[in-house]
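Undergrad: Below is a structure I'd like to ask you about.
The values are calculated or read from the model by the stated rules, or taken from the named source; none is laboratory data. Predicted model, so just to flag it, every value in this text is computed and none were measured. Note that each Cβ is placed from the backbone with ideal geometry, even for glycine, and that neighbours are counted across all protein chains shown.
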Amino acid sequence: MKKSLLFKKISGNRVECKTCSQKCVLGNNQVGLCGVRKNINGTLYSLVYGKVCALVIDPIEKKPFFHFFPGEKALSLATVGCNLRCAHCQNAEISQQVKLDGKILGEDYSPKEIVNLAKEKRVPIIAYTYTEPTVFLEYALDIMRLAKKAGLFNVWVSNGYFSKEAFDLVAPYLDGINVDLKFFDEKISLEITGGLVKPVLDNLIRIKEKGIHLEVTTLIIPGWTNTHQQIQKIAHFIANSISKETPWHISAFYPCYKMKDVPPTSLEELDQAYEIGRKQGLKYIYQGNVSKQANTYCPKCGSLVIKRFGYQITRFDKKGHCPSCGYEIKGVW
């Protein structure tokens with residue numbers, strides 16, 4: 001166990017967790033919605049510090065990051081737990097199961113061991129992914145600090161439901177983040193994920209203001225995401241409140257977990273979302289998980305800048321600039 005960095009003691013032995021936007025208030029021996037933070041006699045502890053349930057070397061594109069060192073590898077890690085309860089979670093066995101049985105699965109790795117492994121494997125990026133990095137904040141932060149000193153890069157794949165206090169802690173060490181902007185309707189978001197939309201929007205703006213590299217992913221769930229003009233609102237928000245240069249990954253849904261009765265996303269539905277993004281002026285829209293519209297083209301002259309076939313990457317850019325006209329492609333190259 002590790003003492004939580006962000007909590008407030010209230011009356012008696014009760015505490016308020018300030019790690020994420022759920023802001024759980026916990027009595028003695030109670031565990032938060034994430035399943036991995038416990039109040040023990042008025043002190044909040046992380047139950048997953050150093051308990052790694054997934055440790056894999058992945059292509060950075062798998063996260064997905066398309067404008068962050070294309071073609072590189074990332075050492076990807078996670079602990080169990082999540083601060084949301086998405087009905088369509090593809091990693092429910094590690095994100096949700098702990099809430100049911102309380103078992104903290106994982107192997108012990110110190111932050112130093114993680115950084116040394118990345119250096120040994122000559123992997124320049126550490127990705128905090130598979131489950132929500134916020135739930136293992138203390139562990140992630142210790143790794144990130146060491147990684148920075150070692151000249152490595154840190155990226156998060158996040159649901160964006162962290163608190164402002166948590167973001168302020170990790171921001172100095174965070175080089176890139178991909179945030180899932182799942183919905184733009186509070187009622188639907190609460191029903192499917194157990195979280196609100198506004199905290200995610202607020203955090204997206206904070207990320208922009210800090211100048212951290214940002215990519216956004218939206219999973220198109222038939223009958224859910226593509227209702228109430230949510231796709232239009234998401235694209236409008238990205239274009240007008242963040243930047244038209246922000247890479248937007250629109251992904252196909254496949255039946256899983258508690259949504260096995262929902263059909264997979266059709267190519268037509270993905271194409272409709274793509275056109276909505278184009279009309280809002282977004283310059284980089286990708287349909288990565290169906291191997292369609294995965295290439296990067298210059299917004300100015302239309303030249304092919306990065307070709308992607310699965311995880312085979314061919315770069316034609318000149319240090320992040322179009323090879324034909326020199327236009328700067330926003331990203332980390």
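Undergrad: Please pick out the residue among V80, V56 that is without any contact (Cβ under 8 Å) to a residue 60 or more places away in the chain, of a type in the set (A, V, I, L, M, F, W, C) and surrounded by fewer than 19 Cβ atoms within 10 Å (Cβ to Cβ).
TA: V56
Undergrad: Got a sec? Which of G310, G320, G281 is of a type in the set (G, A, S), more than 26 Å from L201 (Cα to Cα) and at pLDDT 95 or above?
TA: That would be G320, the only listed residue that is of a type in the set (G, A, S), more than 26 Å from L201 (Cα to Cα) and at pLDDT 95 or above.
Undergrad: Would you mind finding the one in L44, L33 that is among the hydrophobic types (A, V, I, L, M, F, W, C), surrounded by 20 or more Cβ atoms within 10 Å (Cβ to Cβ) and in a strand (DSSP E or B)?
TA: Answer to the selection: L44.
Undergrad: Also, quick follow-up: May I ask you to list the residues in the range 140-162 that are touching a residue at least 60 places away in the same chain (Cβ under 8 Å) and not β-branched (V, I, T)?
TA: Passing the criteria: L141, F153, N159, Y161, F162.
Undergrad: Right, K3: in the same structural domain as G81 (by TED's automatic domain parsing), of a type in the set (K, R), under 26 Å from the mean Cα position of the chain (by Cα) and over 21 Å from S95 (Cβ atoms) or not?
TA: For K3, the condition - in the same structural domain as G81 (by TED's automatic domain parsing), of a type in the set (K, R), under 26 Å from the mean Cα position of the chain (by Cα) and over 21 Å from S95 (Cβ atoms) - is met.
Undergrad: Would you pick out the residues in the range 87-105 that are part of a loop (DSSP other than H, G, I, E, B), over 14 Å from the mean Cα position of the chain (by Cα) and within 23 Å of L196 (Cα to Cα)?
TA: Scanning the range 87-105 gives A87, H88, Q96.
Undergrad: Quick check on P64: is it of a type outside the set (A, V, I, L, M, F, W, C), in contact (Cβ under 8 Å) with a residue 12 or more places away in the chain, under 30 Å from I188 (Cα atoms) and part of a loop (DSSP other than H, G, I, E, B)?
TA: yes
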